[in-house]
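So the structure is just underneath, and the comments pick up after that.
The values are calculated or read from the model by the stated rules, or taken from the named source; none is laboratory data. In this text the structure is predicted, and so the values were computed from the model without any measurement. Because the Cβ atoms are built from the backbone with ideal geometry, glycine has one as well, and the counts that use them run over all protein chains shown. Surface accessibility is based on the protein's heavy atoms, side chains included, excluding ligands, DNA and RNA. Shrake-Rupley method; radii C 1.70, N 1.55, O 1.52, S 1.80 Å.
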Amino acid sequence: MHYKLGIDVGGTNTDAVVIDENMKVLAAVKRHTSEDVYEGILNSVDAVLDESKVDAGLIDQAMLGTTQCTNAIVQRKGLSPVAILRIGAPATEGIPPMVDWDDSIRAVCVDWTIIGGGFEFNGKRLAQFDEDACRAFLNKIKGKVDALAISCVFSTMRNDDEVRAAAIAHEILGEDFPISLSSEIGSMGLVERENATILNAALNQVAQRFTEGFAHSLKQKGIVNADVYLSQNDGTLMTIENARRYPILTIACGPTNSIRGASYLTRRDDAIVIDVGGTTTDFGVLSHGFPRESGVAVDIGGVRTNFRMPDVISIGLGGGSIVTEHEDGSVTVGPQSVGYQITEKALCFGGDVMTATDIADRLGMAEIGDPKLTESISKETADKALAAMREMVEDSIDAMKISSDPIDVILVGGGSVIFPQDLAGTKSVTCPEFAGCANAIGSAISKVSGTFEKLVDYEKTGRDQALENARKEAIALAVAAGADESTVEIIDSEDVPLAYYPGKTSRVRIKAAGDLRTGSAR
């Protein structure tokens, strides 16, 4: 028998699950996230191995979802000094790199330049690649930065200049020097794609620390035979090597893990998933078994980017949210929260702060801590608090729906008991077994994927042939990422005509995903 270990590190709790080769959940535990993240991981691994009675040596796949990169960007901590080489002069000189960044995050950049080169939308050369300027800049920054971000106008159509610049950079800065190429990270739109690339480069040291720390933590617990994977923000997995190369793709993997876990626990492919934590609640959409991606630019720590991100909204309401009675008799819930201190401060645990969990206890919706300790809350106050929570969650469900039709809702997360199950606008509300650890389960059962996205002119290549080529390329990318080729299937396909481009140009985006190939990442 072989086993999978899934771990999800959140701001309040670190969850861990063990799943057997028949995809049955054997044990699921939740431990507080410690200031030293790895202490929380070790505690959760100890607990889940103890509960499941599984020999650590029989675990052959270990998956981690972590907020380390998000925290590093938001808190401006641990980021690497970087240089930026943009290829696109003279056409792009009017808008310099980091043009709308706050000074606190702009400080990661030691130096930048814009050199000649780049392409037009159809792949025609815009200007000749200025190799002399490239070499001069790289010699100037040598020894001063830890990573390099390279961007180029329309590199998603042709990345020739980015690849050539990277080759020169390795020649001057070293073969193993960390380099991020915008064509491998972002989508159309130079500024947002370049922003994402700069952040990816700045996360170089953070990625080294958390990947090495996770691998070391597993070895400490005797998990020495496992292939190690990191969750990424499209609901799939990547190898530890790819996580070091593309750390920015781990951002927002928490909500996507919850959405995938909810799908697995309920066997549903389409629903709204509500993940209730201690401080916040995330609303996401499960579409064809995977998280729906955002179609607009996404702000990360004050930086506008356009790389793939889940379509998620968050509200300041969770199990630890503080309930406040006002002088006019009204009652509000959140956004202030006792967070991970809920077991010390909530009334049901003997504390002196009325929280959303206490309301669920008072109204008989849950039995957490000592329900007798919540009897001091008046029925009127509890009803008003529940009505306030109901309004917040029903408004958010409406915001995520794309039609007025009722929709299935899946409740997951440790705080899911605070919500009623007769929500307006829903067809059904389900809270499955192991809902509290859906994020770790989502991490453990995830697939690996590959995505093709380019502008295609159907006057040059017929539509049918172009789409077939795109499907083959997406499948090849999934296999290259570690998928078992026999299980890979197309899970998403978009073909959007772009009327503002000449000819019959369309943006083609195709995504393929498959099960992990055994032994692919060790």
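Once both labels are positioned 7 Å from their Cα atoms along Cα-to-Cβ, the gap between Arg471 and Ala136 label points is 5.1 nm. Given the C-alpha centroids of the range 315-394 and the range 148-165, what is the distance between them in whole angstrom? A separation of 53 Å, based on Cα centres.
Here Cα Rg over 2.2 N^0.38 Å was computed from the coordinates, and among (1) 0.96; (2) 1.18; (3) 1.02 the match is (3). Answer rounded, prolate or oblate for the range 1-126, using the Cα gyration tensor with square roots of eigenvalues a ≥ b ≥ c: rounded when a/c is under 1.5, else prolate when a/b is larger than b/c, else oblate. Taking the square roots of the gyration eigenvalues as a ≥ b ≥ c, the range 1-126 is prolate. So which of Lys4/Lys427; Lys77/Lys140; Lys4/Lys53 end up more than 23 Å apart by C-alpha? Checking Cα-Cα distances, Lys4/Lys427; Lys77/Lys140 exceed 23 Å.
On full extension of the chain, what length is gained from Ala480 through Val110, given 0.36 nm per residue of separation minus the C-alpha to C-alpha distance? Write down the numbers at each step before the final one.
Numbers: separation 370, 0.36 × 370 = 133.20 nm, distance 3.41 nm.
Fully extending the segment from Ala480 to Val110 adds 129.8 nm.
In order along the range 342-352, the phi-based Karplus estimate (6.51 cos²θ - 1.76 cosθ + 1.60, θ = phi - 60°) of 3J(HN,Hα) comes to 4, 6, 9, 9, 5, 4, 5, 9, x, x, 10 Hz; Gly and Pro are listed as x.
The long axis of helix 463-480 is offset from the longest Cα principal axis of the chain by roughly 70 degrees.
Using Cα pairs closer than 8 Å and at least 6 residues apart in sequence, work out the relative contact order for the chain, in percent. Intermediate results must be reported in sequence, preceding the final value.
Details: 1257 pairs, mean separation 71.6, N = 522.
Computed value for the chain: 14 percent relative contact order.
Rolling a 1.4 Å probe over the heavy atoms of the protein chains gives the chain an accessible area of 41 Å² per residue. Extent along the principal axes, Cα only, for the range 200-255: 31, 24, 17 Å, with the longest axis given first.
Find the eigenvalues of the gyration tensor of the Cα atoms of the range 277-391, then list the square roots of 5 times those eigenvalues as equivalent ellipsoid semi-axes, largest first, in whole angstrom. Intermediate values should be presented prior to the final figure.
On the way: eigenvalues 214, 43, 39 Å².
After diagonalising the Cα gyration tensor, the semi-axes are 33, 15, 14 Å.
Backbone amide hydrogens, once placed in the peptide plane, bring Ser294 within less than 5 Å of Met309, Asp311, excluding anything fewer than 5 places away on its chain.
With a simple spin-label model that places each label point 7 Å from the Cα along the Cα-to-Cβ direction, the separation between Asn225 and Asn122 comes to 5.9 nm.
Give the longest segment of the chain that steers clear of GluC sites (Glu not before Pro) in DSSP loops with at most 16 neighbouring Cβ atoms within 10 Å, not counting the sites themselves.
Values: sites that count: Glu21, Glu35, Glu93, Glu120, Glu175, Glu327, Glu367, Glu375, Glu433, Glu459.
Within the chain, the longest run free of exposed GluC sites (Glu not before Pro) spans 176-326.
Only one residue of Thr426, Ala483, Gly413 has its Cα farthest out toward the positive end of the dipole of the range 392-522, where Lys and Arg carry +1 and Asp and Glu -1 on Cβ, and that residue is Ala483. For the range 125-192, dividing the convex hull volume of the Cα atoms by the residue count gives 91 Å³ per residue.
Tell me which of Val17, Ser330, Ser187 sits at the most positive position along the dipole axis of the chain, charges placed on C-beta atoms (Lys, Arg +1; Asp, Glu -1). Selected residue: Ser187.
Its Cα centre serving as origin, the range 99-241 has a Cβ charge dipole (Lys and Arg +1, Asp and Glu -1) of approximately 240 debye.
Where does the charge balance sit around Gly351 when Lys and Arg score +1, Asp and Glu -1, over other residues with C-beta under 12 Å from its C-beta?
Numbers: positive: Lys345; negative: Glu344, Asp352, Asp358, Asp370.
So the surrounding residues net to -3.
In the chain, the portion of solvent-accessible area held by carbon and sulfur atoms comes to 47 percent [1.4 Å probe, whole percent, DNA, RNA and ligands not counted].
Convex hull over the alpha-carbon atoms of the range 141-287: what's its volume per residue in Å³? Dividing the Cα hull volume of the range 141-287 by its residue count gives 172 Å³.
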